[in-house]
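See structure below.
The values are calculated or read from the model by the stated rules, or taken from the named source; none is laboratory data. Just so it is clear, the model here is predicted, and its values are computed rather than measured. Cβ placement follows ideal geometry from the backbone for every residue including glycine, while neighbour counts extend to all protein chains displayed.
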Amino acid sequence: MGSTFRCIRCNKIIQPGTTFRCGCGGLYEVRHEFEEVTRELFDERLGTTKKPYDSGVWRFKELVHPGIDDGDVVSRPEGNTNLYRREIVCDYVGVQSLSMKHEGENPTGSFKDRGMTVAISEAKHCGASTVACASTGNTSASMAAYAAQSGLNGVVFVPEGEITYGKLSQALAYGAKVIQIRGNFDDAMRLVQEASSEIGYYLLNSLNPWRIEGQKTIIFELLQQRRWSPPDWIITPGGNLGNTSAFGKAISELHGLGLIEEKPRLAVVQAEGANPFYRLWSSKGKELEAVENPHTLASAIKIGAPVSWEKALRVVSNTGGVVEEVSDDEIMDAKAIVDRSGVGCEPASAASVAGARKLKEEGVIHQDDSVVCILTGNLLKDPDATIQYHTEKLQGIKARFSNKPVVLEPDSATMLQSFKKVIASTI
Ligand code: F0G
């Protein structure tokens, strides 16, 4: 039942603690001594109300954090998110067997809750009093909620004016101390690492390997929903690349344990203006070169120096995966289609659907492949982006699927007439 930390670069093994980077510069990953597990063990827990197994993370406890006492787990619960197939999205991508796993259905509206429940439980276990993270918004919202629940102090470092109000309001409301940096996410990430090691805050970014353990359950759960039959492709947006690393680890562990026979291929999609991983992949390079001033409307993935690039590079190769980039125009159109299907997501999430379409056009994905796109965050996380798209106010965005609101003048005599005219021409 023992778990250790292993450096992914030099293979050094240490006892789990609060140091997440090895002296050689490599990141640690968690290594478990797995007990024998079966699909049935996890299937029997479906629908249970027994804590913590009612959570879509802790249902897989043996593969996530076998050593922690059930009583030490801090859970909302999280996970148990739906898989949706929508005709309009399938037609848009050109693949009929395409579904979307909606991680925006987690308690704070993004996939981050899955990693957070594990890492905050571990923070409590280690006796931490203050937890900290840098964030483009969702991690800070999630951390603030779990810190509040567990009675820990939370400090979040966010780029000033660069995170959406939906996310900022969550961090403030849940009571975290919000530090707004006059810089970008990469500056905030540097500062939080320095502050954590100087002041002793427990770091909750995804370089904390316990976060990765929780995020693996997106894959476990989606395979369980598909009765353990892997799709050909799993497509996810890439920012700091924690999720990509988690997906790859999940796939190789399930395969190693014999719970799946085939490995699905991973496709990671970045925004063109924040694409260091795409550049590394397509140049077949060995070292990541940071993008100095990353830009994209998908603020969640506006990251120039992703912390987990080295883990991500290995796992993409191990699954026979690919890395793609898409423009903001493609992201916002794909979002409009996902939204109009009635499912809805935030801009960064739609990068997965935009990426699926592009990979299909390029012939990498075939029309009869089965595909699961991960929707990482809820539609309501970024209402500004949605409204500006539909009012056609986004610079450089063609807004092909805009649904422009109609304005009527407050003149009671003619309002009904104008309304009738407008409605006759639009519906
Ligand atoms: N989608 C959303 C909605 C996100 O919030 C993030 C990351 C990603 C995709 C990319 O995931 O970083 O694991 O590659 N958000 C982080 C944050 C950076 O601070 O909330 P990743």
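Give the residues of the stretch 314-325 that are away from the ligand (no atom under 13 Å from the Cβ), in contact with a helix residue (DSSP H, G or I) (Cβ under 8 Å, 6 or more places away or on another chain) and not polar (S, T, N, Q), sorted by residue number.
Selection gives Arg314, Gly321, Val322, Glu324, Glu325.
How many residues, within the stretch 222-248, are surrounded by 24 or more Cβ atoms within 10 Å (Cβ to Cβ) and within 15 Å of the chain's Cα centre (by Cα)?
15
Conditions (1) touching a residue at least 60 places away in the same chain (Cβ under 8 Å); (2) under 25 Å from Ile163 (Cβ atoms), marked per residue:
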| site | (1), (2) |
| --- | --- |
| Leu359 | yes, no |
| Ile365 | yes, no |
| Val372 | yes, no |
| Asn378 | yes, yes |
| Thr386 | no, yes |
| His390 | no, yes |
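Do we have Ala274 as more than 20 Å from Ser135 (Cα to Cα) and of a type in the set (A, V, I, L, M, F, W, C) here?
Answer is no for this residue.
Just give me the residues in the stretch 258-308 being in a loop (DSSP other than H, G, I, E, B), hydroxyl-bearing (Ser, Thr, Tyr) and within 14 Å of the ligand (Cβ to nearest atom), in sequence order.
Correct list: Thr296, Ser308.
Would you tally the residues in the stretch 15-47 being part of a strand (DSSP E or B) and closer than 20 Å to Glu253 by Cα?
Going through the stretch 15-47 one residue at a time, the tally reaches 6.
If Asp384 satisfies every condition in (1) assigned to a helix (DSSP H, G or I); (2) within 16 Å of the ligand (Cβ to nearest atom); (3) buried (at least 18 other Cβ atoms within 10 Å of the Cβ); (4) of a type outside the set (S, T, N, Q) but one, which is the exception?
(3)
Anything in the stretch 213-249 that is farther than 18 Å from Asn275 by Cβ and either free of Cβ contacts under 8 Å to residues at least 60 places away in the same chain or within 11 Å of the ligand (Cβ to nearest atom) (or both)? List them, or say none.
Gln215, Ile218, Ile219, Leu223, Arg227, Ser229, Pro230, Ala246, Phe247
With the condition kept exactly as written, say whether any residue in the stretch 201-210 is farther than 24 Å from Pro159 by Cβ and either out of contact with any Asp or Glu (no Cβ under 6 Å at 6 or more places or on another chain) or crowded, with 24+ Cβ neighbours inside 10 Å (or both).
Within the stretch 201-210, one or more residues are farther than 24 Å from Pro159 by Cβ and either out of contact with any Asp or Glu (no Cβ under 6 Å at 6 or more places or on another chain) or crowded, with 24+ Cβ neighbours inside 10 Å (or both).
For the stretch 1-48, name all the residues that are at pLDDT below 95, over 16 Å from Lys61 (Cβ atoms) and of a type in the set (Gly, Ala, Ser).
Residues satisfying the conditions are Gly17, Gly47.
Those residues that are assigned to a helix (DSSP H, G or I), touching a Phe, Trp or Tyr at 6+ places or on another chain (Cβ under 8 Å) and under 16 Å from Tyr84 (Cα atoms), I need them from the stretch 349-371; list them, please.
Val353, Ala356 - these are the residues of the stretch 349-371 that are assigned to a helix (DSSP H, G or I), touching a Phe, Trp or Tyr at 6+ places or on another chain (Cβ under 8 Å) and under 16 Å from Tyr84 (Cα atoms).
Among the residues of the stretch 356-373, is there at least one that is within 16 Å of the ligand (Cβ to nearest atom) and touching a Lys or Arg at 6+ places or on another chain (Cβ under 8 Å)?
Within the stretch 356-373, one or more residues are within 16 Å of the ligand (Cβ to nearest atom) and touching a Lys or Arg at 6+ places or on another chain (Cβ under 8 Å).
Looking only at the stretch 160-177, which residues are under 19 Å from Val131 (Cα atoms), of a type in the set (A, V, I, L, M, F, W, C) and crowded, with 18+ Cβ neighbours inside 10 Å?
Residues satisfying the conditions are Leu168, Ala171, Ala176.
So which residues in the stretch 269-299 are under 16 Å from Gly355 (Cα atoms) and either of a type in the set (Phe, Trp, Tyr) or in contact (Cβ under 8 Å) with a residue 60 or more places away in the chain (or both)?
Val269, Gln270, Ala271, Phe277, Tyr278, Trp281, Leu297, Ala298
For Ser121, all conditions in the list (1) among the hydroxyl-bearing types (Ser, Thr, Tyr); (2) in a loop (DSSP other than H, G, I, E, B); (3) crowded, with 22+ Cβ neighbours inside 10 Å hold save one; what is the number of the exception?
Unmet for Ser121, out of (1) among the hydroxyl-bearing types (Ser, Thr, Tyr); (2) in a loop (DSSP other than H, G, I, E, B); (3) crowded, with 22+ Cβ neighbours inside 10 Å: (2).
List the number of the failed condition for Ile68; all other conditions in (1) under 28 Å from Gly256 (Cβ atoms); (2) in contact (Cβ under 8 Å) with a residue 60 or more places away in the chain; (3) not hydroxyl-bearing (Ser, Thr, Tyr) hold.
Ile68 satisfies every listed condition except (2).
Within the stretch 132-171, count every residue that is within 12 Å of the ligand (Cβ to nearest atom) and either part of a helix (DSSP H, G or I) or over 20 Å from Leu191 (Cα atoms) (or both).
Residues meeting the conditions: 13.
Does Ser197 satisfy being surrounded by fewer than 24 Cβ atoms within 10 Å (Cβ to Cβ), within 16 Å of the ligand (Cβ to nearest atom) and either polar (S, T, N, Q) or modelled with pLDDT under 95 (or both)?
It is false that Ser197 is surrounded by fewer than 24 Cβ atoms within 10 Å (Cβ to Cβ), within 16 Å of the ligand (Cβ to nearest atom) and either polar (S, T, N, Q) or modelled with pLDDT under 95 (or both).
Go through the stretch 102-118 residue by residue and tally those that are among the polar types (S, T, N, Q) and in a strand (DSSP E or B).
1
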